[in-house]
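Reading through the structure tokens given below for one structure.
All of the numbers you see were taken from the coordinates with simple rules; none came from a lab. What you see is a predicted model; the values in this text were computed from it and never measured. FYI the Cβ positions are ideal-geometry reconstructions off the backbone, even for glycines, and counts take in every protein chain you see.
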Amino acid sequence: MTSFTPALRLQDIVKTFPGVRALDGVSLTVLPGEVHALMGENGAGKSTLMRVLGGVLQPNSGRILIGEEPTIMASPLDAKSKGVVFIHQELSLAEELSVAENVYLGELPRKSFGRVDWDRLHEKTAAILDKLKVGFTPQTRVGDLSLANQQMVEIARALTVDAKAVIFDEPTASLTDAEKVVLFDVIADLKARGVGVIYISHRMEEIFHMTDRISILRDGQYRGTLHTAETSEEELTQLMIGRKLDLSRKINHAEVGAVALEVRGLSCGRLYSDVSFEVRRGEVLGFYGLVGAGRTEVAETLFGLRDPDAGQILLDGEEVRIGSPVEAIARGISLVPEDRKGQGLVLGMNCRDNMTLPQVDDLKAGPFVAEGAEIAIFDQYRDKLDIRTPGWRQKVGNLSGGNQQKIVIAKWLSMHPNVLIVDEPTRGIDVGSKSEIHNLIRDLAANGFAVIVISSEMPEVLHVSDRIVAMHHGKVIRTFTSEEVTEESLVQAISGIVAETAA
Ligand SMILES: Nc1ncnc2c1ncn2[C@@H]1O[C@H](COP(=O)(O)OP(=O)(O)OP(=O)(O)O)[C@@H](O)[C@H]1O
Ligand SMILES: [Mg+2]
């Protein structure tokens with residue numbers, strides 16, 4: 001290996017923010033043609049390290065070498081011109097612009113007199129979109145695309161240059177399985193062309209499937225690099241969080257109580273039809289299915305975000321119409337949305353206020369909000385969910401991606417709703433906190449609340465649910481009890497293999 005020049009090296013990188021030493025002398029070597037995973041808990045410093053490499057942030061000290069050349073990444077465009085392309089965890093697209101304009105942002109092809117050469121722009125973009133097998137055109141407005149498709153635009157951006165290194169920061173968080181296959185093909189292709197790929201993910205299956213080596217960060221410090229083929233989930237977890245995880249399910253079977261929510265024959269256009277189920281107090285009802293099966297849309301209807309065409313919703317046995325989220329909350333229904341960045345947080349507001357936002361009315365003592373009560377809620381959930389922040393005054397926008405998610409989850413958990421719906425509760429959450437969130441969900445049920453968990457991760461849905469509703473193409477295929485469910489039967493149900501007579 002000594003004859004090899006690395007694609008890039010980071011040496012002793014230090015980066016501090018007020019109150020936070022995000023990177024404490026981190027070094028990393030990426031070889032050409034390898035897929036190098038970067039792992040660590042939420043807030044460990046992964047995205048910060050990549051922002052330094054990608055020219056988004058300047059380090060306090062340390063060196064970056066591209067090949068043998070020490071270099072400074074003055075800006076993202078500068079980094080790109082040096083062959084380092086960064087696909088962000090948080091999407092950074094201009095929603096008002098077209099796909100093509102986003103893909104070549106800052107580098108639009110021009111004719112004489114500086115006018116944009118639209119034909120060439122669209123042609124070049126179309127060639128890249130072709131490779132990605134996407135179903136939209138260069139002219140589509142980015143704001144009209146789904147989250148997953150926006151992610152594909154970010155990826156398309158990376159393919160416009162002759163890259164030496166491409167960074168993927170949690171790229172699969174909002175992708176469907178089919179899109180993941182395309183992404184993994186893209187990565188395999190980059191690798192074959194000798195590009196060094198840096199891949200950040202909390203998903204172990206992807207890490208073991210995709211990567212050659214794994215570097216680990218913990219609390220801003222470098223903890224070592226392992227060959228993927230020579231390590232195990234246990235070893236990685238131990239290095240990342242410094243302790244063993246208890247993954248056994250907490251058996252706190254609550255007394256299952258009365259039906260809190262019942263849905264009868266609910267239909268909504270082509271999104272889903274004839275959906276029926278009930279969830280009782282003390283129970284966790286899982287919803288499992290492929291992306292696009294209609295689970296999120298059912299949840300959105302229950303939360304007053306969509307109007308059903310037919311069917312009934314009953315709360316505590318009484319039929320209700322839920323016209324808006326405000327009405328839903330007033331009736332004790334809460335939804336932790338899938339797209340937490342777009343729907344769940346005010347990034348410029350501090351951690352405490354984001355967490356207690358929906359409860360401000362309840363916490364009011366006279367005309368003032370009881371500060372102490374709010375801070376107590378914040379402290380409680382910061383400890384439970386291990387939210388990494390110097391204090392409640394920190395702006396949510398300054399937290400790491402996973403810690404932002406924890407704030408949204410805490411916000412809804414702390415309201416103790418009658419019916420809590422959580423859509424993909426642990427997406428982007430590290431392994432340690434994942435099991436904490438599962439425990440909190442079980443605890444809520446044990447305390448007599450009805451909980452609905454929508455998840456695309458089979459282990460998660462099997463782990464937290466008392467019963468599981470399997471959906472396929474907008475229909476409920478079957479409802480399983482935790483005693484009868486098996487992985488095989490669940491897979492068959494959600495792929496529509498099982499005849500609906502089994503219901
Ligand atoms: N602009 C900022 N201002 C203040 N603190 C910041 C800023 N950006 C990051 N931090 C802090 O630096 C630390 C590292 O954050 P980073 O985003 O690198 O974590 P991460 O490893 O990517 O985590 P995740 O898995 O949650 O995405 C965190 O404590 C975070 O709150
Ligand atoms: Mg991150």
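Quick notes on this one:
- Distance between modelled label sites at residue 188 and residue 17, nm, 7 Å Cα→Cβ extension: 3.7
- Loop-located trypsin sites (Lys or Arg not before Pro) in region 95-127 (DSSP state not H, G, I, E or B) with no more than 12 neighbouring Cβ atoms inside 10 Å: 111, 115.
- Simple rule: put +1 on each Lys or Arg Cβ and -1 on each Asp or Glu Cβ in the chain, find the dipole, and look at 351, 145, 493; the Cα lying farthest toward the positive end is 351.
- Across region 179-190, coupling constants 3J(HN,Hα) worked out from phi with the 6.51/-1.76/1.60 Karplus curve, θ = phi - 60°, read 5, 4, 4, 4, 4, 5, 5, 4, 5, 4, 5, 4 Hz, and Gly and Pro carry x.
- In this structure, the residue pairs whose Cα-Cα separation is over 32 Å, taken from 191/395; 80/395; 15/406; 15/164; 111/131, are 191/395.
- Across region 286-300, coupling constants 3J(HN,Hα) worked out from phi with the 6.51/-1.76/1.60 Karplus curve, θ = phi - 60°, read x, 10, 10, x, 6, 4, x, 6, x, 5, 4, 5, 4, 4, 5 Hz, and Gly and Pro carry x.
- What the phi angles of region 45-53 give under the Karplus curve with 6.51, -1.76 and 1.60, with θ = phi - 60°, is a coupling list of x, 4, 5, 4, 4, 6, 5, 5, 5 Hz, glycine and proline written as x.
- Cα convex hull volume per residue for region 8-241 (Å³): 131
- 272, 288, 222 arranged by Cβ crowding within 10 Å, fewest neighbours leading: 222, 272, 288
- Amide H to amide H, with H built 1.01 Å from N, residue 37 comes under 5 Å of 199, 212, 213, 214, 215, counting only residues 5 or more places away or on other chains.
- Footprinting exposure proxy ranking of 455, 201, fewest other C-beta atoms within 10 angstrom first, gives 201, 455.
- Looking at region 382-484, the trypsin sites (Lys or Arg not before Pro) that sit in a DSSP loop and have at most 16 other Cβ atoms within 10 Å of their own Cβ are 393.
- Ranking 271, 195, 79 by Cα position along the charge dipole of the chain, where only Lys, Arg, Asp and Glu carry charges on their C-beta atoms, puts 79 farthest toward the positive end.
- Direction-averaged projected area, Cα convex hull, the chain: 26.1 nm², rounded to one decimal.
- DSSP bridge orientation in the chain - percent antiparallel, rounded to nearest 5: 55
- Net charge, residue 21 excluded, C-beta distance under 14 Å - Lys, Arg +1, Asp, Glu -1: 0
- Residues whose placed amide H lies under 5 Å from that of residue 474, excluding near-sequence neighbours: 294
- Summing charges over all other residues whose Cβ lies under 12 Å from the Cβ of residue 5, with Lys and Arg as +1 and Asp and Glu as -1, gives 0.
- The H on the amide N of residue 17, modeled in the peptide plane, is under 5 Å from the matching H of 22, each at least 5 residues off or on a different chain.
- Both radii come from the Cα set of region 38-165: Rg as radius of gyration, Rh as Kirkwood radius; their ratio Rg/Rh reads 1.00.
- Exposure proxy shown here: for 4, 480, 449, the number of other Cβ atoms within 10 Å sets the order, fewest to most, as 4, 480, 449.
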